[in-house]
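One structure is given below, encoded as C-alpha cells.
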Amino acid sequence: MKVLGLTGNIASGKSTVARMLERSGARIIDADLIAREVVEPEKPAWADIVRKFGPGVLGADGTVDRRRLGEIVFADEGKRKLLMDITHPRIKEAVRERLSGYREENAPVVVIEAALIVESGGLREFLDGLIVVTADEESQIERLMNRSAHTREEALARIGSQMPAGEKALHADYIIDNSGTEEETEAEVKKLWEEIIREG
C-alpha cells in the first residue's frame, strides 16, 4: 500500500485535489476532519482546550467555536503551538488506526490530506511521498473572501501566518498548481495519478 501526504496552504485547493484523487481510486484520510472529531464535546482534547483557552472559545451549544479559536491562535504563535500540542497526538493516533484498516483491505493508494504535514512533521513517518498543492496568492485571497466571508486584510493575515508556499513546495515529491481552472487542475491530477500507479 502506497501512502501519500497531501498538503497545501489555506485556500490552495487541497480538498479539491483530494476529491479528484478519490475519484481516481485513492482512499482519503481527511486529517482536518479528524481534527474536528477529536475536539468534540467531552473528548479529552476538548477538555484540554477549555482548560487552556477558557470557556470563551465555546459556542452556545458547547462545541469549540473554530472561528473564535482560530482568531486567537492565528494571532499568537505560542497559542498556536499549544493548540497543536493538544490536538496533534490525538489526530496522529486516529490516522494510524485508519491506515491499519485500509492495510487490511489491501487498498493500493491512501492519501492523508492535512494542512500541517510539513510544519508539524507528526504524520511524515506514515508517508511514502508528499503532494503539495500550490496556488497564487490572489487566488487564495479570493477563495478565502468568498468561502469564509473574510475581509481582504483577514485573508492576508491567515495566508501570512503560514509557511510560505514556495518553502513548503521544497518538501514536495509531487506538486499540483491549482491557480488555474478546475479542468487544468484535473488534468494535472490525472497525470499525477498515472505516475503514482506506474511507480507502484
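The values are calculated or read from the model by the stated rules, or taken from the named source; none is laboratory data. Here the structure is a predicted model, which is why all the values come from computation and not from measurement. Backbone-built Cβ (ideal geometry, glycine too); neighbour counts: all protein chains shown.
For segment 93-133, which positions are buried (at least 17 other Cβ atoms within 10 Å of the Cβ), touching a Leu at 6+ places or on another chain (Cβ under 9 Å) and not aliphatic (A, V, I, L, M)? Passing the criteria: Glu113, Gly122, Phe126.
Restricting attention to segment 134-170, and to residues there that are of a type in the set (S, T, N, Q) and not in a helix (DSSP H, G or I), which single residue is surrounded by the most Cβ atoms within 10 Å (Cβ to Cβ)? Please lay out each step first, then the result.
First, the residues of segment 134-170 that are of a type in the set (S, T, N, Q): 134, 139-140, 146, 148, 151, 161-162.
When the remaining residues are screened for being not in a helix (DSSP H, G or I), the result is 134, 151, 161-162.
On the way: Thr134: 21, Thr151: 10, Ser161: 14, Gln162: 19.
The selected residue is Thr134.
Checking each residue of segment 179-187 against the condition of being at pLDDT 95 or above and within 16 Å of Thr7 (Cβ to Cβ) gives at least one match.
If I ask for residues that are outside any helix (DSSP H, G or I) and surrounded by 14 or more Cβ atoms within 10 Å (Cβ to Cβ), which ones from segment 174-200 would you list? Once the filter is applied, which keeps residues that are outside any helix (DSSP H, G or I) and surrounded by 14 or more Cβ atoms within 10 Å (Cβ to Cβ), segment 174-200 yields Tyr174, Ile175, Ile176, Asp177, Asn178, Ser179.
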